[in-house]
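Undergrad: What follows is a single structure, and I will ask about it in a moment.
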Amino acid sequence: MTQHGVGTGNGAQSGAAPQQLPADPAQLAAAIEAILLVAESPVSATALAAAVQQPVPDVRHAIELLRLGYDERQAGIELREVAGGVRLYTRPEYAPYVEMFVQDGQRSRLSQAGLETLAVIAYKQPVTRARVSAIRGVSVDGVVRTLLARGLIVEVGTDPDTGGGLYRTTDLFLEKMGLQDLAQLPSLAPLLPDLDGLDLDEAYDRR
């Protein structure tokens, strides 16, 4: 079973092949850390092994190195095993600082990236984070976290095909927009005349 999930599994084929595979335990741990930072849900050792093209036992060892490293230096994040996989979480003792940061963010205006991401979610909901990223052409992980923290969107389940979280707008979004329901959202065509006739689903599927 040492090669389970290694090599040409679907996880390794989902994007461009890395220029250089992790060559030692430290590099492997760093690669896994990078994946976990953008993961929407717990990731199994098998899925991680497919992504980094390394044996599952080596991946498990790298995961343990990460966990011990975070614990030894009392980092602001910790690695937890949940739901058959691993995921990064903020450490509970630093929750007050995170809460203050989020509350400060709620009082500030949304960035252009935040407004654009919110618009895509509003018009395509329920929609996965990956689909929003594909439509916008950039990563939206940080923006989605901000929108969640501000209560403008909420996760409402998982996509049956990809397993990614599905997001929709909230009643607070309607309140902020001065709308009674989503049917009152304006048509996209007058707002984006250059995109008239463009199917956002097709734009996503071409990626």
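Undergrad: Under a 5 Å amide H to amide H cut-off, with H placed in plane at 1.01 Å, what residues pair with residue 86 once short-range neighbours are removed?
TA: Answer set, sorted by chain and number: 43, 44.
Undergrad: Right, something else. Ranked from highest to lowest mean number of other Cβ atoms within 10 Å per residue, what is the order of the peptides 150-161, 110-121? Please report the intermediate quantities before stating the final value.
TA: Numbers: 150-161: 14.8, 110-121: 17.5.
Ranked from most to least packed, the peptides come out as 110-121, 150-161.
Undergrad: For the range 50-59, what does the Karplus curve 6.51 cos²θ - 1.76 cosθ + 1.60, with θ = phi - 60°, yield as ³J(HN,Hα) per residue in whole Hz, taken in order and with x for Gly and Pro?
TA: So the Karplus estimates, Gly and Pro as x, are 5, 5, 9, 6, 9, x, 4, x, 5, 5 Hz.
Bear in mind that the values in this text are calculations on the coordinates, not laboratory data. What you see is a predicted model, and the numbers here were worked out from it, not measured in a lab. Using ideal geometry, Cβ is built from the backbone for each residue, glycine included, and neighbour counts are taken over all protein chains shown.
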